[in-house]
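Working notes, structure below.
The values are calculated or read from the model by the stated rules, or taken from the named source; none is laboratory data. Computed from a prediction, not measured in an experiment: that's the story for all the values here. Neighbour counts run over all protein chains shown; Cβ positions are idealised from the backbone, glycine included. Side chains are part of the model used for accessible areas, which takes the heavy atoms of the whole protein and leaves out ligands, DNA and RNA. Shrake-Rupley method; radii C 1.70, N 1.55, O 1.52, S 1.80 Å.
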Amino acid sequence: MADDTPHLYDTLTRAKQPLEPSADGTVRMYVCGPTVYGPIHVGNARPFVLFSLLKRYLTRTGMRVVLASNLTDVNDKIYAAARAEGVPSAELAERYCAQYIADTDRLGLGRPDIEPKVTDAIPEIVALIAELVGKDLAYAAGGDVYFRVRRFPRYGALSGRNPDDMLDTDPGPAKEDPLDFALWKGLKEGEDTFWDSPWGPGRPGWHIECSAMAHSALGDDFEIHGGGIDLVFPHHENEIAQSEGAHDVRMARMWVHNEMLELGGKMSKSDGNIVLLRDALDAWPADVLIMFFVRSHYRSKLPYNDAALEESARAADRIRNGVRTLDRAMAAPGDTLQPAVAEQIAAARARFFAALADDFNTPGALAAVFEAVTAANAAADGDRRPPAGQLQSIRTELAEMLDVLGLGSLAAAGDALPDDVSALVQARAAARAQRDFAESDRLRDAIAERGFDVRDTPEGQQVSPR
Ligand SMILES: [Zn+2]
């Protein structure tokens, strides 16, 4: 059905475009990841969740998807954070890389297929800079290397900017033109992570890293380049100039950007807003956080506050309760086949996939899930219940839709906690009563390893499957 061809809004052409896989049926996505100088902000989880779910959905439509997302582990902010702590910058970056993996793992969405680090890609980055210098698109000056923006005529196409209007660009003492941006930054006092290069010791600029890592991971002309909308200029504009300048091939067929998360409104933490992903996941189960993200379209600004999370928790509960109603009905099924219910579920499923095909409209898809839950519960609660086979197939349809949205835990079977998890939860209550928060954190991790999230509420711990 033409309706079900996935379309996504492309920032470059400013229109929804059909997503066409490469000749072998593969969709290759490169998504800019975080700079690891501290634990990640809950806002950084938005692109992680979006592109993980987009991969799930596209895979469900039959495409093979390769998702690559980088980690920037050398940078000014990393030097500064390491200096403030008095540790080597490589050590600090390594610690926060591990923290990023651990935090995003708690979302339960799996990992990108390829997660390159800048410090592992230096030879490729140096080679790409050398190519640009060889083509006269870049020049060395005072230990740095700069890209000659005016030599790349399409510069500004992605962000809709005219180079002549970019008056606030950093002049930089060694640059030929204030518009030019750094590809290689010569070693400065106090920088303890650096490499030799044909232009002297130093380290890469931020933009060239992604051009080189995207090329190594996915090749040229891959299907989707993604990231936060704040990266359109200058980061993605510069990536296009570098990659297309060097290879004379379009870098990506489609540019997909998520809007920003906005902090505001009432928060439960006395010390201010909950801004770290790990704090958000301490306060809320992963499925509530994912529900929070999928309730909004990825191109809408998303306010993050307690009220929005509480609403998301209620939405998750409504679905979980709906599935349990079905499970109870299956324990005492009837014998009245209900074709009308089957039609309602099929219609909801069609609307679910049509919504996702239309620029990954997750709120529309979620509305279809609620329609299916309502139809299923009307049948399960009625006097003339469907037979077990029909109830089971409705449950399977629901679980499949929830899984595409990363909410498969809402259709997990059963109420009771396994014995070992329940013992850990009790031990954690005792640790918290003694204000032994290190032990409490250790037990939370142990519970998480067994597949459950713990949320601390005024009523005590609430435990739910991840
Ligand atoms: Zn990037």
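Using a 1.4 Å probe on the protein chains only, how many percent of the accessible area of the stretch 2-258 belongs to carbon and sulfur?
52 percent
Would you mind computing Rg(Cα) / (2.2 N^0.38 Å) for the chain, counting N as its residues?
Normalised by 2.2 N^0.38 Å, the Cα Rg of the chain equals 1.10.
First check a/c for the stretch 2-258, with a ≥ b ≥ c the square roots of the eigenvalues of its C-alpha gyration tensor; if it is under 1.5, answer rounded, and if not, answer prolate when a/b is larger than b/c or oblate otherwise.
oblate
Report the trypsin sites (Lys or Arg not before Pro) located in the stretch 346-455 that are in a DSSP loop and have at most 14 other Cβ atoms inside 10 Å of their Cβ, or state none.
For trypsin sites (Lys or Arg not before Pro) across the stretch 346-455 that sit outside H, G, I, E and B with at most 14 neighbouring Cβ atoms in 10 Å, the list reads Arg384, Arg435, Arg450.
Taking all protein chains as present, what is the carbon and sulfur share of the accessible area of the stretch 419-465, in % to the nearest whole number, probe 1.4 Å? Walk me through the numbers on the way to the answer.
Working: 1250 of 2730 Å².
Of the solvent-accessible surface of the stretch 419-465, carbon and sulfur hold 46 percent.
Under a plain spin-label model, where a point goes 7 Å from the Cα along Cα-to-Cβ, how far apart in nm are Ala438 and Thr396?
Taking the simple label geometry, Ala438 and Thr396 are separated by 5.1 nm.
I'd like to compare 284-293, 363-372, 48-57: which one has the highest average count of other Cβ atoms within 10 Å, and what's the full order after that?
Descending mean neighbour count gives 284-293, 48-57, 363-372.
Placing one identical point scatterer on every Cα of the stretch 419-465 and ignoring solvent, what is log10 I(q)/I(0) from the Debye formula at q = 0.13, 0.17, 0.33 Å⁻¹?
Cα-only, vacuum Debye calculation for the stretch 419-465: -0.23, -0.40, -1.39.
Rolling a 1.4 angstrom probe over the protein chains, ignoring ligands and nucleic acids, what is the accessible area of Tyr96 in square angstrom, nearest 10?
30 Å²
Counting only heavy atoms of protein chains, what accessible area per residue, in Å², does the chain have with a probe of 1.4 Å?
43 Å²
Express as a percent, rounded to the nearest 5, the fraction of DSSP beta bridges in the chain (both residues included) that run antiparallel.
Of those bridges, close to 50 percent are antiparallel.
Quick query: amide H of Glu223 versus all other amide H atoms, modeled in the peptide plane; which residues come in under 5 Å with a sequence gap of 5 or more or a different chain?
Arg28, Arg253
Hey, any idea what % of the stretch 262-411's accessible area is carbon plus sulfur with a 1.4 Å probe?
Carbon and sulfur together cover 50 percent of it.
Taking just the alpha-carbon atoms of the stretch 262-411, what radius of gyration and Dmax come out, in angstrom?
Using the Cα atoms of the stretch 262-411, the pair Rg, Dmax is 17.3, 57 Å.
List the residues, sorted by chain then number, that are 5 or more residues from Asp358 or on another chain and whose placed amide H is less than 5 Å from its amide H.
Those qualifying (amide H under 5 Å, at least 5 residues apart or on another chain) are His7.
List the residues whose amide H sits under 5 Å from the amide H of Val31, counting only those 5 or more places along or on another chain, with H placed 1.01 Å from N in the peptide plane.
Here Ala68, Ser69, Asn70, Gly226 satisfy the definition.
Per residue of the stretch 170-183, in order, report the coupling 6.51 cos²θ - 1.76 cosθ + 1.60 (Karplus, θ = phi - 60°) as ³J(HN,Hα) in whole Hz, putting x for Gly and Pro.
4, x, x, x, 8, 6, 6, 9, x, 5, 5, 10, 7, 9
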